[in-house]
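So the structure is just underneath, and the comments pick up after that.
The values are calculated or read from the model by the stated rules, or taken from the named source; none is laboratory data. Values in this document were obtained by computation on a predicted structure and should not be read as measured data. Heads up, the Cβs are rebuilt from the backbone with ideal geometry, glycines too, and the neighbour counts pull from every protein chain shown.
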Amino acid sequence: MVNERVRKTALIVLPIMAAVTLIAVGATGAYFKDDVNIGNVFVLISIIGAAVFAFLFLLFRRKTGLVIGLMLAFLLATPVLFYLINKPTTTTFGEVLPNHISSGQMVTEIKIYTEMGKPFKSVTLEDPEEMKSVLQSPSDMTLVTSDDGFSTHLYSIWLEGGSYGDEIQIIIGKDAVRIWGSMDGEGVGGEYKIEGENTLLQVIENGEFDWVKG
């Protein structure tokens, strides 16, 4: 039999511990790291689940069936909710970049660099029409949200704005693209698998740019 004083103390402490754990993990940014391990997510869920189980067991001491039922509901609902929150969504390159960015209105300069596996070369674009062409030509390229990552980075594109902190980086792989940064106070970010043709890669590799080598 659980001591009544211990029971009341636990009823106060357990919810606080669960809340502090969630806040601490959130404050470290672990939810948003590219290399977050799915196993760690389930460990966190297990810890919170154990705290909830202990809380309910102490709260409903004489209703074991109710506690077990609630815990089973928790265990069944957690993976479903996790899937619904993280399920892949389909979009386009044009939808990922806001119109005032893709139209080149806010972009003052575009720098393109080769990444690993290619001889280093770079090019800087400042002509508005040329920048607009690079950003709008792949507008219809189909993207699917992903957290799988990609190992081969072929090119990096840096979009520079007119104000401090206005900067967006786009990393291009053979069949994936990663975008993050902000422009005019609007943040963009995400990692995507490319369905169909990688038109952004084609624009870069087939464009008549004045590349600087070395």
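Tell me whether the range 114-134 contains one or more residues that are on the phi < 0 side of the Ramachandran plot, out of contact with any Lys or Arg (no Cβ under 8 Å at 6 or more places or on another chain) and part of a strand (DSSP E or B). So far as the range 114-134 goes, no, none of its residues is on the phi < 0 side of the Ramachandran plot, out of contact with any Lys or Arg (no Cβ under 8 Å at 6 or more places or on another chain) and part of a strand (DSSP E or B). Selection of first residues in the range 166-183 that are at positive phi and of second residues that are surrounded by 20 or more Cβ atoms within 10 Å (Cβ to Cβ) and at pLDDT 90 or above, restricted to Cβ pairs under 6 Å at least 6 apart or on distinct chains, gives the following pairs, ordered by first then second residue: GLY181/ILE168. Could you look through the range 181-205, keep only residues that are under 15 Å from VAL144 (Cβ atoms) and either within 20 Å of the chain's Cα centre (by Cα) or not assigned by TED's automatic domain parsing to the domain that holds VAL123 (or both), and pick out the one that is surrounded by the fewest Cβ atoms within 10 Å (Cβ to Cβ)? Here the residue is GLU195. Checking the structure you have, find out if any residue of the range 159-174 is under 14 Å from LEU97 (Cβ atoms), among the acidic types (Asp, Glu) and assigned to a strand (DSSP E or B). Yes, the conditions are met somewhere in the range 159-174.
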